[in-house]
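None of the figures in this text is laboratory data; all of them are computed from the coordinates on show. Keep in mind it's a predicted model, so treat the numbers as computed, not measured. In this analysis, Cβ positions are derived from the backbone assuming ideal geometry, glycine residues included, and neighbour counts consider all displayed protein chains.
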């Protein structure tokens, strides 16, 4: 780190010289404009490329004919999440058929990605989404709604022996994944482009918390899939009415906690987050008792029933994580802890 003294000119302007090596490397000339951005922590970001225009990042992959199609798809997802605006796939000869299949799956599983150019030996994918149109908080809310419906329908499918509904729950997990990838992409874009965060009125710390919560919600969605798959197994067996009622009631409790946790985050409510963490213990005890009762069954039915109960319990545990991350974020952003005790 270089230390430079601040000078005052004209009695009002504070100036500091730029490092010569840096200025030359950036090809800065006399009278060139320099962007100066005040960061949330009080530091200054100085850049010759600090404009309001979205930075376009491009990535090109050479695709050999023997490339693993799954590897290619994962590369495309990783590039999307990293925030690249243009992805090019090229081959020394004609592109193998699996490339177009991977690109089609990729564009269907992501938001805003479309093929803009295509030849026998190359494909260009461009990002058409304006990040401003998909605020992180709205994406999280949408994810939470989908995940909540997945769990409700998974339990209803078990109770009503509805195989079609269970299968639909499993398919909906793709919607949760694509929204989670979008949050991850937005997060990386905000970190790499300070102007984007400023335009979206979101700090890097808030973006980081949104990404963490998105990952938690995505995992809760995975448990919805797990319940639906085990529900398909349990449909072939006959559960007691009391067991189905206990499962439904436990799910209602878990999803109520989850909704409260997300509401506390949306409302930036520090105290509510604290209260909700303390409300998860009864659900833990209830699920522990149900797992004991499930052991009266034998074989596959006992295993599947315990898995469903465990997933319900995990909703409560993940809600604790949501509330803890919310509290950490709010304190880091400067929200004071509410006063408690006598005289308050």
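Points to keep in mind about this one:
- Full-stretch length increase - residue 175, residue 142 - with 0.36 nm per residue and alpha-carbon distance subtracted: 10.9 nm
- In a fully extended conformation the segment linking residue 335 and residue 74 would gain 90.0 nm over its present Cα-Cα distance, using 0.36 nm per residue.
- Rel. contact order, % - alpha carbon contacts under 8 angstrom, at least six apart, the range 133-332: 27 percent
- Degrees, to the nearest 10: 97-109 long Cα axis against longest axis of the chain: 80 degrees
- The chain - percent relative contact order, Cα under 8 Å, separation 6 or more: 14 percent
- With a Förster radius of 35 Å applied to the C-beta separation of residue 98 and residue 161, the computed FRET efficiency comes to 0.35.
- Nearest-ten-degree value, helix 281-294 long axis tilted from longest Cα axis of the chain: 40 degrees
- Sequence-separation-based contact order of the range 58-131, relative, with Cα cut under 8 Å and 6+ spacing, percent: 34 percent
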